[in-house]
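Undergrad: Sharing a structure with you now.
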Amino acid sequence: MKKFFAVFVCIICFIFCSCTADTSGESYELTSENWHGVLKGGAEVSLSFSDNTAKLTLKSGEDKITIDGLYVIDENRFIIFNQEFKQSYNFDYTVSGDKLTLSYCGNQIEIEKQVEN
């Protein structure tokens, strides 16, 4: 009887503790894709998320800057905590299909989902 009860408790625990992921909302759509764009002046922008880190790379000619670090996100804003520069960067965002609009300090750019080859 004790073995049956132990197995029963294990099965119940497994059922109620199964892992699920929230795959709804803009934050999931943003973090589950890689984003890339070329701006009017020729500058390139790429944004990707991995585990608990975000990486934003800006490249213009020979100049390149990468902002990466831990991030927090909600349905309309994310913050990257960059240890190298000892600073945090706040971005507002809107996902619309394959397009992402990023806003920082009143300036906006639009980039697209990166197509994997």
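Undergrad: Would you give the gap between the C-alpha center of segment 65-90 and the C-alpha center of segment 91-117, rounded to a whole Å?
TA: 15 Å
Undergrad: Out of the total accessible area of segment 72-117 (probe 1.4 Å, heavy atoms of protein only), what percent is carbon and sulfur?
TA: Within segment 72-117, the accessible surface is 44 percent carbon and sulfur.
Undergrad: Also, quick follow-up: What pairs in Lys40/Lys64; Lys40/Lys86; Lys86/Lys113 have C-alpha atoms more than 20 Å from each other?
TA: Over 20 Å Cα-Cα: Lys40/Lys86; Lys86/Lys113.
The values are calculated or read from the model by the stated rules, or taken from the named source; none is laboratory data. Please read all numbers here as calculations on a predicted model, not as lab measurements. Surface areas here come from the heavy atoms of the whole protein model, side chains and all, with no ligands, DNA or RNA. Shrake-Rupley method; radii C 1.70, N 1.55, O 1.52, S 1.80 Å.
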